[in-house]
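Read through the structure below, which is laid out as structure tokens, and then see the notes.
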Amino acid sequence: MISEKAPAPLAIPYRGDDATHNEECSKDTKSRESSPRLCPPCLTPTHQHSPHEGSPESLQVAYRRRLAGTLANIHRQIARLAGISAVVDAKWALTLGALIEELDPRIEASTNASSWDYSARLPDMGPAPPLPGRTRHVCPEVYFGRRYDKPFHQHGMEPENCTYVPPFNSVLTAVLPAMSWPPHTTNFVITQIRRWYDIPILALVPENSLVDTNVNNVRFLSSRKKSSDATLLNAVVKKVTTPYVFMGTSLAHFSNQSSLERLVRVLDELEHVKVAGGAARDLQGHWIHGCLQQRMADYQATYTMGYYYSKYECMYCDDVLTPFITTVKLVNKVAFTSSLSGPAVYRDWLAKVREAGHLTMVCPDVMFFLTNHVNMTSEDWLPMARHWALQKVSYNGKSFTFTCKQINISCNNTLSVTKSFLLPPCCVDIAHRELDIMMDLAEENGLQYELQAGSVLGAVKFGSYLPWDTDHDIYIECDDFKTWYKKFSTVAKTMNCLLKIRYKKTFLKIVCLSFTLDMLCRNVLSKQFLPAEYLSTPTSIWYSGRWVKVSANPGLFSRNSMGLEVLKHQQHPAHLRGNNYTRPGTWLSCRSPQHHSCLDHFPADGNLHFSILT
């Protein structure tokens, strides 16, 4: 057995002779018994404002609108899957529960199976009851109060002395991705883990690595072939025989500050949580909790350090930058993406876990010792950006952008794309550049034009190209038709475009690889409807960084030409029956509902939902 294994430091008996502590526990118990809620609601995004004091029957307008917005967002996500998929995203329940708790804490409390819904019990409450339909793999905790183990509080939440849980070495296996670790670090970390736990250890090491192979219950695995990190991790997890696996990424040390039981306990008790990590400090002593929120939309991913919700003194996260524990069953079901290596392996895997509807937590009382905190470069992000079709990633205060070519996005079939998805920003950029060429020709040659149809609608709504449009719509003066054709004949070759004349030389269609420019001539443009004083100054609108000429009154043109509820959104008419706004405010169902840029993931109204993505 393990000769160096020390007694578990967390199993300190209750100090029953501490009179001050007894008094405090008594007060704590009485205060809890007299309160309809056992603690104030946790801080959530819905706590930014509160209802007016003294007016319980009414809510502030801003407060009410914010609640409605949150509920509408959840409803939109549920509605797009209703009757199609049985997946229930655990975050929906989490968000709804937080709203209910804010509006009436009594309702939230009454839905719990037990009136005591905390991470630990109090000393006088007796043993914790069984978990309905589930197995405990570690003993529950007891909280001995704030005066216990003063002044440094290294103890206080202590495990019960239960006898019904299995040996911990049959519960958890440690996997050490040590392919890039120096051998002395690998040996040291294994020795330190073995000091506190006799769990199985599987270490991924380079071939011929100088590691100590004499440590009990440790297997070293390496690959002669140049395999990706993800491929190696998938292979090693297949060898795990315990229900839980600890991914010990970037470890430099291991001590009693890293309670693996605590993380297993969270996974046992919170059924909707499938990944539990801890906080970490690096060799410089810099501590982070490592909890990230992730937003993936419009071909962009944004990672923000922080949390909105918490439970059992742990933060709900979308991603975690630190070592974590998860179930072997989950890794086998949601495998690491075999083409990835480095930190992108974990960003990608946790994104897939989130996409599958599971939740991740960080318990900051558990601290791991790392060589370095995660610091991803553009090269690190590129494989994941390519896998998820991300043109931009914002992370740790930095932004990384990638071209269409780098992430294998083609803009040559925009009609097919826009039936379900937003256009990628790099494709929208192509549309803007094509329009810039047309406007430059107009300015250089004194030619008149104005945006019309969907182009003026995009200008009114977004001040840019509609990210679900497929062409440019432009009116020109018929007297200038030959000049436009002559000028574009020269430019079209450099643009790799084809010119077509239709309708008795009144319609010039410029067909490019990605978009078309439809230029229809009119004898007189709409500036004729301006007051006489302004006839020489056509109306212009700010469009993608420059002033572009539009209809004399672009809002009036849009309303009369498109019809009812024109400020709401819908797919291009080519995807719908009819040529006008036949179903404003609704999107067609996305053919790949899990894709981050499905149109039906976004509200079909307003522009601010989209502007934050640019």
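The values are calculated or read from the model by the stated rules, or taken from the named source; none is laboratory data. Note that the structure is predicted; figures quoted are calculated from it, not measured. Cβ sites come from the backbone with ideal geometry, for glycine too, and all protein chains shown count toward neighbours.
Hand me the list of strands (runs of 3 or more DSSP E) wholly inside the stretch 410-523 holding 3 or more residues that are free of Cβ contacts under 8 Å to residues at least 40 places away in the same chain and out of contact with any Ser or Thr (no Cβ under 8 Å at 6 or more places or on another chain). It would help to see each step written out before you state the result.
Numbers: elements: 449-451, 471-477, 498-502, 507-511, 516-522.
Those strands (runs of 3 or more DSSP E) span 498-502, 507-511.
Quick one: in the stretch 359-382, of everything that is β-branched (Val, Ile, Thr) and in a loop (DSSP other than H, G, I, E, B), which residue is surrounded by the fewest Cβ atoms within 10 Å (Cβ to Cβ)?
Quick first cut of the stretch 359-382, residues β-branched (Val, Ile, Thr) only: 360, 362, 366, 371, 374, 377.
Within this subset, residues satisfying the condition of being in a loop (DSSP other than H, G, I, E, B) are 371, 374, 377.
Working: Thr371: 16, Val374: 22, Thr377: 11.
Among those that are β-branched (Val, Ile, Thr) and in a loop (DSSP other than H, G, I, E, B), it is Thr377.
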Per-region count, the stretch 439-484, residues surrounded by fewer than 20 Cβ atoms within 10 Å (Cβ to Cβ) and over 30 Å from Leu422 (Cβ atoms):
13
His155, sole failed condition from (1) within 25 Å of Thr242 (Cβ to Cβ); (2) surrounded by fewer than 18 Cβ atoms within 10 Å (Cβ to Cβ); (3) in contact with an Asp or Glu (Cβ under 8 Å, 6 or more places away or on another chain):
(1)
Quick check on my filter: what residues within the stretch 291-326 are polar (S, T, N, Q) and either farther than 18 Å from Phe400 by Cβ or free of Cβ contacts under 8 Å to residues at least 60 places away in the same chain (or both)?
Gln293, Thr304, Ser310, Thr322, Thr326
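More than 16 Å from Thr304 (Cβ to Cβ), out of contact with any Asp or Glu (no Cβ under 6 Å at 6 or more places or on another chain), in contact (Cβ under 8 Å) with a residue 12 or more places away in the chain and buried (at least 17 other Cβ atoms within 10 Å of the Cβ): which single residue out of Ala356, Ala385 fits that description?
Ala385
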Of the conditions (1) surrounded by 16 or more Cβ atoms within 10 Å (Cβ to Cβ); (2) at pLDDT 95 or above; (3) part of a loop (DSSP other than H, G, I, E, B), Tyr308 fails just one. Which one is it?
(2)
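Would the stretch 206-216 turn up any residue that is assigned to a helix (DSSP H, G or I), at negative phi, of a type in the set (Val, Ile, Thr) and in the same structural domain as Arg354 (by TED's automatic domain parsing)? Even if it seems obvious, please write down each step before you answer.
Filtering the stretch 206-216 for residues assigned to a helix (DSSP H, G or I) gives none.
Checking the stretch 206-216: not a single residue is assigned to a helix (DSSP H, G or I), at negative phi, of a type in the set (Val, Ile, Thr) and in the same structural domain as Arg354 (by TED's automatic domain parsing).
For the condition more than 23 Å from the chain's Cα centre (by Cα), of a type in the set (Lys, Arg) and not in a loop (DSSP other than H, G, I, E, B), what is the one hit in Arg295, Arg265?
Working: Arg295 fails: more than 23 Å from the chain's Cα centre (by Cα).
None of the other options fit; the residue is Arg265.
Could we say that Ser455 is assigned by TED's automatic domain parsing to the domain that holds Val548 and farther than 18 Å from Pro538 by Cα here?
Working: assigned by TED's automatic domain parsing to the domain that holds Val548: yes; farther than 18 Å from Pro538 by Cα: no.
Taking the combined requirement at face value, the residue does not satisfy it.
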